[in-house]
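Here the structure comes first, spelled out in structure tokens, and everything after it is commentary.
The values are calculated or read from the model by the stated rules, or taken from the named source; none is laboratory data. What you are looking at is a predicted structure, and each value in this text was computed from that prediction instead of being measured. Don't worry about glycine lacking a Cβ; one is built from the backbone with ideal geometry, like all the others, and counts go over all protein chains shown. For accessibility, only protein heavy atoms count, side chains too; no ligands or nucleic acids. Shrake-Rupley method; radii C 1.70, N 1.55, O 1.52, S 1.80 Å.
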Amino acid sequence: MTNDIYEASGITLTLDDTLTIEKTAREQLEGYRDIRIGVATPHIRLGDVAHNERAILDLISQANQAGADALLFSDMALTGRSAGDLFFQRTLQDACLESLARITKATAHARLLVLLSLPLRLEQHLYKATAILYDGEIVGMTLASYLSREERRWFSDPLCSDIGEHDSFSCELITQAGNGKAGSGVSTFHLPPDECPTILRHTIDRPPLPVNLDSDTADVMTYDFSLCEMTTQNLLSFTFKFVNLCTVIPCLAVRPSLLSGEFSACDELRLFNFDSSHAVDALSHGSIPVAAIADARPEWAGDYRQLKSDLIRRSLRDHSIILYAGAGKGESSSGGIYAGRRLIVSDGRVLGEGEPFTTGLTMTEIPAKDLFAVRNNAKTSWDILKLNPDSDAKQGNPDRHPFLLRHELEGVSLFTETLAIQGNGLADRLATVGARPILGLSGGLDSAVALLASLEAVRLLNRPYSDVRAVSMPGPGTSQASRRLARSLGEAMGVDFREIAIDQAVTLHLEAIGHDGVAHDVTYENAQARERTQILMDLANLEGGIVVGTGDLSELALGWCTYNGDQMSMYSVNTSLAKTVIREMTRVAADLLDKGTSPFVIDRDRAATAASALREILQRPVSPELLPPGRDDTLLQLTESAIGPYGLIDFFLWHLVFGRKKPSVVYELARAAFADEYSGHEIQTWFKTFIRRFFHNQFKRTASPEGVAVFPRRLLPENAWQMPGDARPDLWLAELEVHIAGRQESSL
């Protein structure tokens, strides 16, 4: 890069209300130093503000020692982003404010600007706010106006509330805090906003002196609230104003070192900017637009690639710096996994990027010359191609297997990213409760993938594979092939394998309830599934484990599971994986084992045995194996003969449920996608079966256990799919019937 790039008009830096400095083109770089920016993801404990405060202060100290100018923390690092309804707790809210005061005080003399989000209560409202800390002061507080649907449950939208009306809220001032312990003997008073926009507080050494009382108020203890008399000797208080992050804030970077000390820490400089629409305005004021994104999205397979590409594109478009800090370790693993992604992008160039599933600090140095290149709209050669996921559909060729995300991920990437999320989710849960994984190994697809996820979890925890307890429970409906495959796979992977036959237990149970044991009805079938669940649950109690659920998304959608049988577990790892994804995971796992590139280190012979078992499982038809097999061990109970081909099921699930398309549209898409495999009548039949079963089995999904989410498309009720268990499918079936009738009439 040559100096020619700076032959632009002079840049004006507004330092305060009276001083303006003009620098000519070739003098622009003189007196400016490189800036250092960091993004941080602390290893938090949910709801443990004291622990999280220590982690935050440690990272601030590291950043300060490294000479950082700005530090962005991941979303809600003081509480944990996944604290849920704990955000409503006054105890947690107060602890955050007291902690913020201590953190703010710790930034004194650091010359480090810190951005830290937290819950902020103002009277009856709770807001999601970002505190801007600099040199021991809260220089501003910005309220989040872009809230997710989930966040709107806890936080008010400042654009829709009465925050701007002075008579609608006031601030709180703690006048005494007992022995310095949070919540001990706290007295609070309310002041009108025009006197005190907001005061955050911590402990005081002694309360302010009482005001002289007249005879009318002699029985009331009051205090003098004059802020001028409340010095730092008796009150640690921070007064701040609400700002937009494109508003003027204290200087943090591109500081002119040639200025006298009086101005070296400038009072005003437009620098931070959340809204890309203000980028041009920021540039016109001699500033570098910076988007600071404290995020808490769960890690979905393939999603980060798209996110990273979008952030690079935005940085290129706005000629801006983008800081991205994602939530990470310590967040709840009940619904999704947080990977702690950290990214710094400047004018389309990735300058710093953290490793996924790690915590800590990611920093980068941005040379002054690069900042001025950004400032002068320097051209760049970056060109990022973005595939359109709907391009095939628009051309009349819808993807038969949309869950495989083939427009975004190749097979190996799908496997590795999916397994990483499954393994980290289960590892977090195992570490939290101090348990080992226990699962049923049936010799089928779902349990094979759940076994791989369990192996990945113990690997991440540096435990031996023998920490996984895999239990084969052959019963009246189990084929000899499945029994053999379960043992072969379990032993080859080096887990703690055990076989417990359930024939006698099922017979005794059926006798006890008056069943003859001859009729192969639903009672006969479900007794086996519930007996297996009982064994696993009791083994978990006996051996200090948790039961790992194996059921997949496709089965859950249609209720193809036994209520309080295989539907139940203590933590499910396949809950967001459709059957087509389960098949792909199994195929890739077998290939990697054969090539010696599997993440699971086992010897060549055992790897070959495991790969062979997985391939044989892939070739066999899917069956719950709850009815006795034929004489030659042939499976007589075939899942896809009862509920439909899984290719169609997953296609319907993707487009009808998650894509929210009308049944008539989904039907036509399915005809186009599967024209060479199924007739229109077959597609119609299986589609109606899907709709009926999806509606009639919501009660099973409502009672489903927690599980790790690999993809955002899931049906568990706590934070994803919500639907009454007695909803009727008639409207959807009628719409499909009308469409098919019209289709048939037009063909006559």
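Residues in the range 61-78 that are open to solvent by less than 10 Å² (accessible area, probe 1.4 Å), outside any strand (DSSP E or B) and not charged (D, E, K, R) were compared, and the one that is farthest from Thr359 (Cα to Cα) is Ala68.
Yes/no matrix, rows are residues, columns are (1) β-branched (Val, Ile, Thr); (2) under 30 Å from Asn397 (Cβ atoms):
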residue	(1), (2)
Cys561	no, no
Arg583	no, yes
Thr586	yes, yes
Arg615	no, yes
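For the range 659-680, a tally of residues being among the small types (Gly, Ala, Ser) and more than 34 Å from the chain's Cα centre (by Cα) returns 4.
Residues of the range 439-454 that are assigned to a helix (DSSP H, G or I) and either within 10 Å of Leu419 (Cα to Cα) or at pLDDT below 95 (or both): Val449, Ala450, Leu452, Ala453, Ser454. Applying the set (1) in contact with a Pro (Cβ under 7 Å, 6 or more places away or on another chain); (2) part of a helix (DSSP H, G or I) to Gly477 leaves exactly one unmet item: (2). Thr507 passes every criterion in (1) closer than 21 Å to Met570 by Cβ; (2) open to solvent by 20 Å² or more (accessible area, probe 1.4 Å) apart from (1).
Of all residues in the range 113-135, those satisfying the criterion of being under 16 Å from Arg81 (Cα atoms) and open to solvent by 10 Å² or more (accessible area, probe 1.4 Å) are Leu126, Lys128, Thr130. A search for C-beta distances below 9 Å between a residue of the range 431-456 that is open to solvent by 10 Å² or more (accessible area, probe 1.4 Å) and any residue that is assigned to a strand (DSSP E or B) and charged (D, E, K, R), counting only pairs 6+ apart in sequence or on different chains, returns Arg436/Arg469; Arg436/Asp496. Selection of first residues in the range 622-634 that are more than 12 Å from Gln528 (Cα to Cα) and of second residues that are open to solvent by 40 Å² or more (accessible area, probe 1.4 Å) and among the polar types (S, T, N, Q), restricted to Cβ pairs under 7 Å at least 6 apart or on distinct chains, gives the following pairs, ordered by first then second residue: Asp633/Gln480.
Of the residues Thr562, Thr523, only one is open to solvent by less than 20 Å² (accessible area, probe 1.4 Å), over 24 Å from the mean Cα position of the chain (by Cα) and under 18 Å from Gly475 (Cα atoms); which? Exactly one of Thr562, Thr523 is open to solvent by less than 20 Å² (accessible area, probe 1.4 Å), over 24 Å from the mean Cα position of the chain (by Cα) and under 18 Å from Gly475 (Cα atoms), namely Thr562.
Rundown of residues vs (1) at pLDDT below 80; (2) part of a helix (DSSP H, G or I), yes/no style:
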residue	(1), (2)
Leu311	no, yes
Gly330	no, no
Gly336	yes, no
Leu343	no, no
Val350	no, no
Glu355	no, no
Thr362	no, no
Gly396	yes, no
Asp399	no, no
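When each of Ile337, Ile321, Ile312, Ile344 is tested for being within 18 Å of the chain's Cα centre (by Cα) and among the aliphatic types (A, V, I, L, M), the lone residue that passes is Ile337.
Of the residues making up the range 501-522, those that are closer than 23 Å to Ser623 by Cα, outside any helix (DSSP H, G or I) and touching a helix residue (DSSP H, G or I) at 6+ places or on another chain (Cβ under 6 Å) number 2. One residue alone among Glu616, Glu640, Glu625 is part of a loop (DSSP other than H, G, I, E, B) and over 19 Å from Val708 (Cα atoms), and that residue is Glu625.
Residue count for the range 538-552 satisfying the condition of being open to solvent by 30 Å² or more (accessible area, probe 1.4 Å), in a helix (DSSP H, G or I) and touching a residue at least 24 places away in the same chain (Cβ under 8 Å): 1.
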